[in-house]
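The values are calculated or read from the model by the stated rules, or taken from the named source; none is laboratory data. These numbers were taken from a predicted model, which means no experiment stands behind them. In this analysis, Cβ positions are derived from the backbone assuming ideal geometry, glycine residues included, and neighbour counts consider all displayed protein chains. Protein only, heavy atoms only, side chains kept; ligands, DNA and RNA dropped before computing areas. Shrake-Rupley method; radii C 1.70, N 1.55, O 1.52, S 1.80 Å.
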Amino acid sequence: MTRQNPDIIDFYNRQIIPQIEEKYGYTFMQAVNEFVNSKTHKMLEDEEYGLAGFASGAVFDMWECEKVTGRPQNSIYIRGE
């Protein structure tokens, strides 16, 4: 695994965690825990997946798909439909 630049990870964390807080009514720490421990975040951390090329809204959608279906790959942004 080639680890993604920490500044890029930080950018996505700062964009997506507040969206999780707002949409799901989580506290900040709950939202951090939900996102950082997700498969989506693990994919984001691995440079080889190339998620850093996606807008933060697309990565949020991947996280939501994972929350609902268990698989971030079910996101329209990965499926390409």
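Figures for the structure shown
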| quantity | calculated |
| --- | --- |
| Residues satisfying the stated conditions in the range 17-58, i.e. open to solvent by 70 Å² or more (accessible area, probe 1.4 Å), modelled with pLDDT of 95 or more and within 15 Å of Arg71 (Cβ to Cβ) | Lys39, Lys42 |
| Criterion (of a type in the set (Gly, Ala, Ser) and touching a residue at least 40 places away in the same chain (Cβ under 8 Å)) met by exactly one of Ser75, Ser56 | Ser56 |
| Sole exception among (1) in a helix (DSSP H, G or I); (2) hydrophobic (A, V, I, L, M, F, W, C); (3) over 9 Å from the mean Cα position of the chain (by Cα) for Met1, by number | (1) |
| Counted residues, the range 59-75 - those being surrounded by 14 or more Cβ atoms within 10 Å (Cβ to Cβ) and not in a helix (DSSP H, G or I) | 1 |
| Tally, over the range 41-56, of residues that are in a helix (DSSP H, G or I) and in contact with a helix residue (DSSP H, G or I) (Cβ under 8 Å, 6 or more places away or on another chain) | 8 |
| Unmet criterion (only one of (1) outside any helix (DSSP H, G or I); (2) of a type outside the set (D, E, K, R); (3) under 13 Å from the mean Cα position of the chain (by Cα)) for Phe35 | (1) |
